[in-house]
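Here's the structure we're looking at; comments come further down.
Just so it is clear, none of the values below were taken in a lab; they were calculated from the coordinates. This one's a predicted model, so the numbers in the text were calculated from it and none came from an experiment. In this analysis, Cβ positions are derived from the backbone assuming ideal geometry, glycine residues included, and neighbour counts consider all displayed protein chains.
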Amino acid sequence: MALLRVFVCLLGLVVLCHSDCTFEELVIKDVNNPPNGCVDHDGTHKDFDSEWVRDCVACSCTHEGLSCCNMLPDPAESEVSDECELVVNEQECSSKVVLKSDKTKECSSN
């Protein structure tokens, strides 16, 4: 279990480095009736310790609050060489950098 937590933390660092993330701190309005989860951006209640992905945004609900990270890089903020371009696949929540002249070949990371 500890190894899984380390992996999730490292994965989180990778996601934080390559995407936009938000965090909404859990607000306790009534200490006698504390919340039992988070409310996501669509207004849906999510239990504590739950994780989900919707529209390429990965979210998690903890006792601290709601954390969401876009799984896709922002093409406008991505540094890509002139002969390459960033291709985003929103159906698979993936991206890759390919040659403009031959989109079947990925650019090398030299």
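Each peptide in 48-58, 63-73, 30-40 receives the mean, over its residues, of other Cβ atoms within 10 Å, and ordering these scores from highest gives 63-73, 48-58, 30-40. Around the amide H of L26, modelled in the peptide plane, lie the amide H atoms of G65, L66, all under 5 Å away and 5 or more residues distant in sequence or on another chain.
Here, segment 30-78 is characterised by an Rg to Rh ratio of 1.11, where Rg is the alpha-carbon radius of gyration and Rh the Kirkwood radius. Per-residue Karplus couplings for segment 42-52, computed as 6.51 cos²θ - 1.76 cosθ + 1.60 with θ equal to phi - 60°, are listed in order as 8, x, 8, 6, 10, 5, 4, 6, 9, 9, 7 Hz, Gly and Pro entered as x. Relative to one another, the C-alpha centroids of segment 60-93 and segment 36-55 are positioned 20 Å apart.
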